[in-house]
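Only the coordinates and a few stated rules stand behind these numbers; no lab work does. Every value quoted in this text rests on a predicted model; they were computed, and no experiment measured them. Note that we place each Cβ from the backbone using ideal geometry, even for glycine, and neighbour counts take in every protein chain shown.
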Amino acid sequence: MQDSYFVVFLLTKKTRMKRLILTIIIGLLALSGLKAQYTGAIGLRGGLSQGITFKYLNAGSSGFEFIGATRYKGMNLTLLYEMHNSLGGVENLYFFYGFGAHLGYYDIENTNWELEEYETGNKVIIGGDVILGIEYVFADIPLSLSGDWKPAFNFIGHKNFWGDSAALSVRYTF
């Protein structure tokens, strides 16, 4: 009796898997006709700080990017206003720049900062950011690749300049 339940479970699992694969294939075929310019994009950001990135572009050449990243056993949330422009007449290649702010915290003992003897635990930081980057948006698949440099200055918390925040991002565009 238990064997028959197991067979039914396997058959339904295979059926669900077939439906999922079919749905993914239909979705990819439908998305293949997308234009290179997108309204939204979500993906992964990798560098010294890694995390997620979400971009929203309006009908013009500007938009917003949200970055949630980890570093020094802490978390940093950044919101940027960005402008996008075509680069060198190459189709689907864009240069972007912008500015914004961040809020986060870090485990002070896991940093490479010069510390006072009494500094331990988490440190809250608030600061400003700028970003410069290049993005390529694929015409045939809903994907974009970008590289950027995002220097930042902390105004509250550990006050200093961070010039080492370069990253590569891969995003699903929609």
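Worth pointing out:
- Dipole size of the range 36-173 about its Cα centre, with +1 on Lys/Arg Cβ and -1 on Asp/Glu Cβ: approximately 300 debye, rounded to the nearest 20.
- Pair Tyr105, Val130: separation of 7 Å Cα→Cβ label points (nm): 3.1
- Overall form of the range 36-173 per C-alpha gyration tensor (a/c, 1.5; a/b vs b/c): prolate
- Fewest-first sequence of Arg71, Arg171, Arg19 by Cβ atoms within 10 Å of each Cβ: Arg19, Arg71, Arg171
- Highest mean packing first, where packing is the average number of other Cβ atoms within 10 Å per residue, the peptides 146-156, 50-60 line up as 146-156, 50-60.
- Extension reserve of the Ser86-Lys159 stretch, reckoned as 0.36 nm per residue once the Cα distance is removed: 22.7 nm
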